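The values are calculated or read from the model by the stated rules, or taken from the named source; none is laboratory data. Remember, it's a predicted structure, so these values are computed and weren't measured experimentally. Cβ: placed from backbone, ideal geometry, glycine included. Neighbour counts: every protein chain shown.
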Amino acid sequence: MSSLKNKIANTAAYQWLAIYIQRFLTSINPKIEIYRNYKAHFHHKPNLDNPRDLIEKIYWMQLHSDTRSWTMLADKYRMREYCEKKGFGEYLPKVYGVWTKVDDIEWDKLPQRFVMKLNNGCGTVWIINDKDEYDIEGLKKKIKKVIKMPYGYRGFQPHYLGIKPLIFAEEFLEESEDQKLFSPNSIVDYKVWCFNGKVESCYVAYNRSKSRLTVDLYDSEWTRIIKSLQNFKKDRFDPNVTVPRPSSWELMKHIASILSERQPQMRVDFYEINGRPIIGELTMATGFGYFTEAYYQHLGDLTDVTLLPRVK
């Protein structure tokens, strides 16, 4: 029965219906969608009058603060300009091309291995290991469907609605042999949580597949924060695997600290290739569900919402 529900939920018709419903409810009162999304994970309503945990404060800022800068920061392509202005352009992956329409993509000019992305949304990443063996026609159809879907109504993330959709191709990043030992299915993603320029912790996502990923959590000195992990299931957290401290960890922290200055909170996501950090994206409205409510409370205590001006 659950597999049937998943198939229905993945159909374009279902996704468009969900978008229309979420858009309608948000137009009436965005708190309806906030309550729905928050309660599904924490099993109680958020406190939006006196926000305490990180997720409550992110929602509060989206309701009451000037978060227009988040649109550019969360744009997976346009954030490159921000990183370059901060002096970190050399830590961005190469880009082979940028397009507004699928039919404009010059596939013959792309290398054999590359990564195709949309600059908004979540999960719109396609890894092409071999262009000649990949179903390019099928990929074109997928992109044409998802690029039309507005992202930001679900879970109330309005800063995504201001992103002009783009398609871009990036260089294929290959992990080291050491990383493959504990993450054979995917590259390791180091998600560095920062609060007004101060690095607090690193949420590690690895061994990712279509339906699951394994997570771990380390403090700024790379000591595991095991008591703050929510799910001790094999498909979410593996207590037998200790993720090695990346050799570029100090440089990652330096970059993340500069990029997150004057922002109440920001997650700076990195990869490590040949001992060098590569900036993946900047996340302003983090997902939730992997860590304890107490840990989100702790992160909330570090989030100073007064850093952003109030919307009058």
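Considering region 216-232, the residues that are among the charged types (D, E, K, R) and under 20 Å from the mean Cα position of the chain (by Cα) include one that is modelled with the highest pLDDT, namely D219. Number of residues in region 35-53 that are in a helix (DSSP H, G or I) and either among the aliphatic types (A, V, I, L, M) or touching a residue at least 40 places away in the same chain (Cβ under 8 Å) (or both): the value is 4.
The set of residues in region 25-50 being surrounded by 16 or more Cβ atoms within 10 Å (Cβ to Cβ) and closer than 14 Å to H64 by Cβ consists of P30, K31, I34, P46, L48. Scanning region 137-178 for residues that are part of a helix (DSSP H, G or I) and touching a strand residue (DSSP E or B) at 6+ places or on another chain (Cβ under 8 Å) yields L139, K142, I143, V146.
Per-residue answers, yes or no, for (1) in contact (Cβ under 8 Å) with a residue 12 or more places away in the chain; (2) closer than 20 Å to A285 by Cα; (3) surrounded by fewer than 20 Cβ atoms within 10 Å (Cβ to Cβ):
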| site | (1), (2), (3) |
| --- | --- |
| T124 | yes, yes, yes |
| D130 | yes, no, yes |
| I136 | yes, no, yes |
| I163 | yes, yes, no |
| E174 | yes, no, yes |
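Within the set T71, T100, the sole residue that is β-branched (V, I, T), loosely packed, with under 14 Cβ neighbours inside 10 Å and at pLDDT 95 or above turns out to be T100.
One line per residue, one yes/no per condition, for (1) farther than 25 Å from F270 by Cβ; (2) touching a Gly at 6+ places or on another chain (Cβ under 6 Å):
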position: Y82; (1), (2): no, no
position: K94; (1), (2): no, no
position: D103; (1), (2): yes, no
position: P111; (1), (2): no, no
position: K117; (1), (2): no, no
position: G123; (1), (2): no, no
position: D132; (1), (2): yes, no
position: K148; (1), (2): yes, no
position: Y160; (1), (2): no, yes
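Looking only at residues of region 70-95 that are in contact (Cβ under 8 Å) with a residue 40 or more places away in the chain, under 19 Å from R262 (Cβ atoms) and in a helix (DSSP H, G or I), we find that the one that is nearest to the chain's Cα centre (by Cα) is A74.
Screening S186, S176 for residues that are more than 17 Å from the chain's Cα centre (by Cα), at pLDDT below 95, among the small types (G, A, S) and at negative phi leaves exactly one candidate, S176.
Looking only at residues of region 261-271 that are touching a Phe, Trp or Tyr at 6+ places or on another chain (Cβ under 9 Å), more than 9 Å from L282 (Cα to Cα) and not aromatic (F, W, Y), we find that the one that is surrounded by the most Cβ atoms within 10 Å (Cβ to Cβ) is Q265.
Being of a type outside the set (S, T, N, Q) and more than 28 Å from T71 (Cβ to Cβ) is the filter; apply it to region 189-215 and report the residue that is modelled with the lowest pLDDT. Once the filter is applied, the top-ranked residue is K210.
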